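Everything on this sheet refers to the single structure shown next.
The values are calculated or read from the model by the stated rules, or taken from the named source; none is laboratory data. It should be emphasised that the depicted structure is a prediction, and the values quoted were computed from it without experimental measurement. Reconstructed Cβ throughout: ideal geometry from the backbone, glycine too, with neighbour counts over all protein chains shown.
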C-alpha cells in the first residue's frame, strides 16, 4: 500500500510538470502568431466545467486574471466566482474583460445566501424589500460582467411556522425577485443544500422540493442549481432525480463525496453523470465547487487529470 501511494504521488508530480510545460509551450505558440494545434491535454472539454478564480495558485498564482488564462490553456471554457459580488467594480470589470477576450462563460455568482436567518420563508414587507434590493444589486453586477446566473439560498426554516405556509411564502417572495431579474435577463438558481453534514436548519434541501417550488413560481428567472455533492448526501439517485427535474435545472455544482474534492476521489460516478448530461444537450456551466484530494502542484495536476478522465466520452 505504501509503495502504491509513493508511485501515485510520483505520477502526479510528473503530471504537474507536464501541465506546466504544456501550458508554456502553447502560450509561446499563441504569442508568436504561429498556427498551433491543441494537444489532448489542452483541447476544450466537452462540457463547460468551471474552476473558481484561484483554483490553481501553484500554477497560476493568486491573480484571478492569470488563473483565467491558465484555465483557458488547460481546456476549460468557463469559470465561476462565488464572491464576485464582493469584489471591487474595477476587479469585476477586469475579470469580465478577460473572460470575454478568451470567449469563456461566467457561471453563477452568489447573490443571496444567508444561512443564519429566516428570510424567504416569511411573509413580511421588510423581507420582500430586502430581497428586491438584493436582486437589484445583482442586476447591476450582471450588467457589468455579463453574468447570466445568480445563486440564491432561501435561508433557514422557521420552527414556529408550518412548512406548507413557509413554502407558500417562499414562492411569493421568489416571484417578487423574478419581477426584478427577468427584465434584465438574469436567472436566479436556487441551491438545495444538505442538512445532514454541512448546513443543518436550512429550508431548501432536495431536488424534488426545489422542483416543486420552481414549478409553483412558474417564471423563467427561477431555476435550480443541482449541487451533486449535496444531493448525494441528501438523497442520492442523482441521474433519475436530474432527469425528473431537468426542465427546471439551470446550472450544476460538482464535488465528490465523501470529502468534497475532485471527481474520482469519492463514490460518485462522474464519468457516467457527465456523459449523461452531455447526451441531454446541456449547454450551461458546471461549477467546480470542491477542493483537491492532494496538496500543492500534485493536487492541481491530479484535479485536471480527473476531469480529463471523466470527460472521455
Quiz item: Can you spot a residue in the range 199-210 that is surrounded by 20 or more Cβ atoms within 10 Å (Cβ to Cβ), touching a residue at least 60 places away in the same chain (Cβ under 8 Å) and farther than 25 Å from residue 292 by Cα?
Solution: yes
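Somewhere in the range 76-84, is a residue over 26 Å from residue 253 (Cα atoms), modelled with pLDDT of 95 or more, part of a helix (DSSP H, G or I) and within 27 Å of the chain's Cα centre (by Cα)?
Applying the first criterion (over 26 Å from residue 253 (Cα atoms)) to the range 76-84 yields none.
Looking for residues that are over 26 Å from residue 253 (Cα atoms), modelled with pLDDT of 95 or more, part of a helix (DSSP H, G or I) and within 27 Å of the chain's Cα centre (by Cα), one finds none in the range 76-84, hence no.
Could you tell me whether any residue of the range 196-206 is in a helix (DSSP H, G or I), at pLDDT 95 or above and more than 18 Å from the chain's Cα centre (by Cα)? Break it down stepwise before answering.
The initial filter retains those residues of the range 196-206 that are in a helix (DSSP H, G or I), namely none.
The answer is no, given that none of the residues of the range 196-206 is in a helix (DSSP H, G or I), at pLDDT 95 or above and more than 18 Å from the chain's Cα centre (by Cα).
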Quiz item: Say we look at the range 144-166 and pick out the residues that are touching a helix residue (DSSP H, G or I) at 6+ places or on another chain (Cβ under 7 Å) and part of a helix (DSSP H, G or I); which of these is surrounded by the most Cβ atoms within 10 Å (Cβ to Cβ)?
Solution: 145
Quiz item: Residue check, residue 136 against (1) surrounded by 19 or more Cβ atoms within 10 Å (Cβ to Cβ); (2) within 25 Å of residue 79 (Cα to Cα); (3) touching a residue at least 40 places away in the same chain (Cβ under 8 Å), all met but one. Which one?
Solution: (1)
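In the set 239, 224, which member is at negative phi, surrounded by fewer than 19 Cβ atoms within 10 Å (Cβ to Cβ), touching a helix residue (DSSP H, G or I) at 6+ places or on another chain (Cβ under 6 Å) and not in a loop (DSSP other than H, G, I, E, B)? It would help to see each step written out before you state the result.
Numbers: 224 fails: surrounded by fewer than 19 Cβ atoms within 10 Å (Cβ to Cβ).
Only one candidate qualifies: 239.
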Quiz item: Within the range 82-94, is even one residue crowded, with 19+ Cβ neighbours inside 10 Å and within 16 Å of residue 54 (Cβ to Cβ)?
Solution: yes
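In the range 109-128, which residue that is touching a helix residue (DSSP H, G or I) at 6+ places or on another chain (Cβ under 9 Å) and surrounded by fewer than 21 Cβ atoms within 10 Å (Cβ to Cβ) is nearest to residue 147 (Cα to Cα)? Spell out the reasoning first.
Taking the range 109-128 first, the residues touching a helix residue (DSSP H, G or I) at 6+ places or on another chain (Cβ under 9 Å) are 109-112, 118-124, 127-128.
Narrowing further to those that are surrounded by fewer than 21 Cβ atoms within 10 Å (Cβ to Cβ): 110, 122-124, 127-128.
Working: 110: 11, 122: 29, 123: 30, 124: 29, 127: 25, 128: 23 Å.
If we take residues in the range 109-128 being touching a helix residue (DSSP H, G or I) at 6+ places or on another chain (Cβ under 9 Å) and surrounded by fewer than 21 Cβ atoms within 10 Å (Cβ to Cβ), then 110 is nearest to residue 147 (Cα to Cα).
Among the listed residues 238, 304, identify the single one that is within 30 Å of residue 167 (Cα to Cα) and within 18 Å of the chain's Cα centre (by Cα). Explain how you work it out, then say what you get.
Numbers: 304 fails: within 30 Å of residue 167 (Cα to Cα).
Testing whether each residue is within 30 Å of residue 167 (Cα to Cα) and within 18 Å of the chain's Cα centre (by Cα) leaves just 238.
Yes or no: the range 276-288 includes at least one residue that is without any contact (Cβ under 8 Å) to a residue 24 or more places away in the chain, surrounded by fewer than 20 Cβ atoms within 10 Å (Cβ to Cβ) and outside any loop (DSSP other than H, G, I, E, B). So that I can check it myself, show each step before the final result.
Within the range 276-288, the first condition is being without any contact (Cβ under 8 Å) to a residue 24 or more places away in the chain, and the residues that meet it are 279, 281.
Keeping just the survivors that are surrounded by fewer than 20 Cβ atoms within 10 Å (Cβ to Cβ) gives 279, 281.
Subsequent filtering for residues that are outside any loop (DSSP other than H, G, I, E, B) retains 279.
Yes, the conditions are met somewhere in the range 276-288.
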Practice problem: Search the range 178-197 for residues being in contact with a strand residue (DSSP E or B) (Cβ under 7 Å, 6 or more places away or on another chain) and farther than 15 Å from residue 113 by Cβ, and hand back the single one that is surrounded by the fewest Cβ atoms within 10 Å (Cβ to Cβ). | Solution: 178
Exercise. Would you confirm whether any residue within the range 97-108 is assigned to a strand (DSSP E or B), surrounded by 21 or more Cβ atoms within 10 Å (Cβ to Cβ) and either touching a helix residue (DSSP H, G or I) at 6+ places or on another chain (Cβ under 6 Å) or modelled with pLDDT under 95 (or both)?
Key: yes
